[in-house]
Amino acid sequence: MPPAVSSVHLDDAIDGESGATTSYGRILRSSALIGIATVASVVVGIVRAKAIAVLLGPAGFGLMGTLQAIADLTRSVAEIGINSSGVRQIAEAASSGDAERLVRTATVLRRIALLLGSLGAALLFVCAVPVASFSFGTADFAGAVALLSLAVFLRLVSDGQGALIQGLRRIGDLARATVLASILGTSLAIPLVWMFGLDGVAPALIAIAAASLVCTWWYARKAGVASVQLGVGAMRGEARGLLRLGLAFMASGLLMTGAAYAGRIIVLDEIGLDAVGLYQAAWTVGGLYVGFVLQAMSSDFYPRLVGKIDDHDACRRLVNEQAHASLLLAIPGVIATLALAPLVLAILYTPAFAAAAETLRWLSLGMALRVVTWPMGYVIVAKGAQTLFFVTESIWALFNVASTWVLVRALGLPGIGVAFLLSYLLHYAIVYPVVRRMIGFRWTTPCLLTGLVMLVLCATLLIASFVFPEPWASALGALVAAGAGLWSARQLVVLVPSARIPAPLRRVLAAGGVRVGEPSRSDG
């Protein structure tokens, strides 16, 4: 049987460097790779959306958006969380050093992805007429919906390949696959829409899904993990673990989606449709920057934590390092959003959307707290405690909906932002003692100090937004944001090993009095 991975230690294979490379270096590298890939994908997506909007107009663009939503919903239900659970199982098998176990797990993951893709595609194909009637008010688009079944199949198989890449922590390959899939999918989709008009929308979505599969298949193939023949008993044992945790992930996703949907319904009932639009704009802007940090966290930190989950000292250190680095990365964006909320909304949308500035500020504070709670929450997932994971997510979702209903009635639109912040305060209060009991977790001094800096700066700007006129508050905020950005950059540079910083930049930093070197290590 060919080896599943090379004999090089997994951490070294990922980073291409010696084992002396610190965890901070890996965190920042993965954050940069995923951040760049995400930005590139967003830019390509904007180009695709612009081209299709020009070619088809509002009606055609709306058709594509609705069909995409149908495909995404079918895919989310059909995959039953197998993508996330697959990452955990692959990472656990890879960290064990057992090549046979890794090959077995990868084989089962691929076969389950094929099976679920087939079931999801068949379900959508059979239900094409009622789905089209419900979505469009007519069965005229049933053919397009039926075609989407192929896109669902391709994306589910692609997700299985992506889980393999992520579980092996081949972050560079994951980033390259993401960017190439966006470019290839767009280059195929636009000509299809140009040639066939509205009839080309469904084929365009199929082409985008096919591009994703081709790219993930290529990079999964480079990982060198073979497939083997497995009996029914072996398949059943591996599949049970994947599906059990996958169901917990699916339930969590549905809870979060349901809470978000309920929040919009509450705003619609209490204030009106315009307020829903303002909230959507604030939500999009609030999650834009922090979303890059969280995406990098899920791509690299989660599988890395799974590999160390039985070593509690290592787990404590990893969680602290991830939270510390993520906070330093998030501080400039969160502070800038707090400071310039009206301006950002006016630039990205129209001046009328500046009315959502206060809501955006509260949402930004909640997003900052997300950066703190997510690394701890991953410990529960990495431990495979699916029931506990589901309970914590259920409490969060129920509290979020209840507090949104109360606070929107009391405070208007900003109430939904306040409810979001309070929900993550509650989440922290639940998750921290759970993780402390699981692995003896406690915060290190650098994490506490960085969190304190963010708290003080955020509180200062929030108070300033209520006390000072908007131009003065924005000017003060811009100065604070610039200072916070410089401070964060200085802290990150100190944490990164000097060997990873280009020599010219090291000389510039040294001339500026910035010490570059290995960070001190803590047991967390």
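Read-outs throughout are calculated quantities, based only on the coordinates presented, and are distinct from any laboratory measurement. Since we're looking at a predicted model, the values are computed, not measured. Cβ coordinates were reconstructed from backbone atoms using ideal geometry, including for glycine residues, and neighbour counts include every protein chain displayed.
Taking every DSSP helix (H) stretch of at least 4 residues in the chain, weighting each as -39,500 (n - 2.57) and dividing the sum by the residue count yields a mean residue ellipticity at 222 nm of -29000 deg cm²/dmol.
How large is the charge dipole for the chain, taken about the Cα centre, if only the Cβ atoms of Lys, Arg (+1) and Asp, Glu (-1) carry charge, to the nearest 20 debye?
On the way: 37 positive and 27 negative charges, 192 e Å.
Here the size comes out at about 920 debye.
Compute the distance from the alpha-carbon center of the stretch 60-84 to that of the stretch 310-361, in whole Å. Each part reduced to its Cα centre gives a spacing of 27 Å.
The distance from the alpha carbon centre of the stretch 109-163 to that of the stretch 401-433 is 36 Å, rounded to a whole number. Neighbours of residue 156, meaning other residues whose beta-carbon lies under 13 angstrom from its beta-carbon, give a summed charge of +1 when Lys and Arg score +1 and Asp and Glu score -1.
Calculate, in nm to one decimal, what residue 47 and residue 129 gain on full extension: separation in residues at 0.36 nm each, minus their alpha carbon distance.
Working: separation 82, 0.36 × 82 = 29.52 nm, distance 3.17 nm.
Separation in residues times 0.36 nm, less the Cα-Cα distance, equals 26.4 nm.
The residue list 487, 445, 419 was ranked by how far each Cα lies along the charge dipole of the stretch 381-497 toward its positive end, using unit charges on Cβ atoms, and 445 comes out on top. Count Lys and Arg as plus one, Asp and Glu as minus one, and take only other residues whose Cβ is under 15 Å from that of residue 329; the net charge is then +2. The ranking of 111, 104 by Cβ neighbour count inside 10 Å, starting from the fewest, reads 111, 104. Residue order for 403, 423, fewest other beta carbons within 10 angstrom first, comes to 403, 423.
Taking a straight line from the alpha carbon of residue 383, these lysines sit under 18 Å away, with near neighbours fewer than eight places off in the same chain left out: 308.
So how much slack lies between residue 40 and residue 490, counting 0.36 nm per residue of separation and subtracting their Cα-Cα distance, in nm? All intermediate terms of the calculation are to be shown ahead of the outcome.
Working: separation 450, 0.36 × 450 = 162.00 nm, distance 2.63 nm.
So the chain would gain 159.4 nm between residue 40 and residue 490.
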